[in-house]
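This report concerns only the one structure given below.
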Amino acid sequence: MKITFTDKKVDMPRSVHGYAQKKVSKLERYFKTDADVSVVFSVEKDRNKVELTVRSGSTILRVAESTSDMLASIDAAVTSMERQIRKNKTRLEKRLRQGAFERVAQEEEPSSFGEVAEEGEFKLVRTKRFPIKPMTQEEAILQMNLLGHTFFAFKDEDMDGAFAVVYKRNDGGYGLILDEG
C-alpha cells in the first residue's frame, strides 16, 4: 500500500504522519492490488480535517472527517472508510481481496463501530430523458443555476461536443467532469 501525505496550509510533525501510516495501513487487508492512498491534512476554522482517498484498480473510495484534534480526525477517517467498505461489501466483493471480511483471530484493537448493516439493492425510482444540447461551460452553469439543480449534463462545445457534467461544490465553486475518451 503506497501512502502519500499532503499538508495543506499546515505543517504536520512526523509523529502525526507515523500515526496516520499505522492507522491507514490497516485498510490494506481489503484490497487485492497495491492501493494508492492519499492523506490530506488541513486546518479550517480551528477544525483539523483529514481527507482520505484510496485508489485500487478502477475503484476510488473517498472520505473526509473533521474534528478538533488531528489524531481523532485520522481515526474518524479510517473508521468512515471501513464503514463505507463494509456498507457496500457485496458490490465491492469482486474488487476486494478474497477473505477481506473474515474475522482475524487476534485483532490488535476492536473495531470502533458495531456491525454495519449492508446496503440493499440500488433502487432506481425515476428515469428522465432529455436532449443533451451542445453549449459552453458557462452556459451550462447558468442553465444549472436557473433550474436550481446541483449538476447539469451537456455536450461541451469547447471540447468538440464531448459529454460533460458541471456541478456545484460545497465550497460554493463549480466543478467540471469530462469524459477521458
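The values are calculated or read from the model by the stated rules, or taken from the named source; none is laboratory data. It should be emphasised that the depicted structure is a prediction, and the values quoted were computed from it without experimental measurement. Note that each Cβ is placed from the backbone with ideal geometry, even for glycine, and that neighbours are counted across all protein chains shown.
Checking the condition free of Cβ contacts under 8 Å to residues at least 12 places away in the same chain and more than 19 Å from the chain's Cα centre (by Cα), which residue from 148, 173, 161 passes? First the steps, then the outcome.
Details: 173 fails: more than 19 Å from the chain's Cα centre (by Cα); 161 fails: free of Cβ contacts under 8 Å to residues at least 12 places away in the same chain.
148 is the lone residue from the list that is free of Cβ contacts under 8 Å to residues at least 12 places away in the same chain and more than 19 Å from the chain's Cα centre (by Cα).
For the stretch 47-88, the set of residues classified as of a type in the set (Lys, Arg) and crowded, with 16+ Cβ neighbours inside 10 Å consists of 49, 55, 86, listed by residue number.
The single residue among 32, 49, 22 that is in contact with a Lys or Arg (Cβ under 9 Å, 6 or more places away or on another chain), modelled with pLDDT of 90 or more and charged (D, E, K, R) turns out to be 49.
Looking only at the stretch 31-47, how many residues end up being within 23 Å of residue 15 (Cβ to Cβ) and under 18 Å from the mean Cα position of the chain (by Cα)? Matching residues across the stretch 31-47 total 6.
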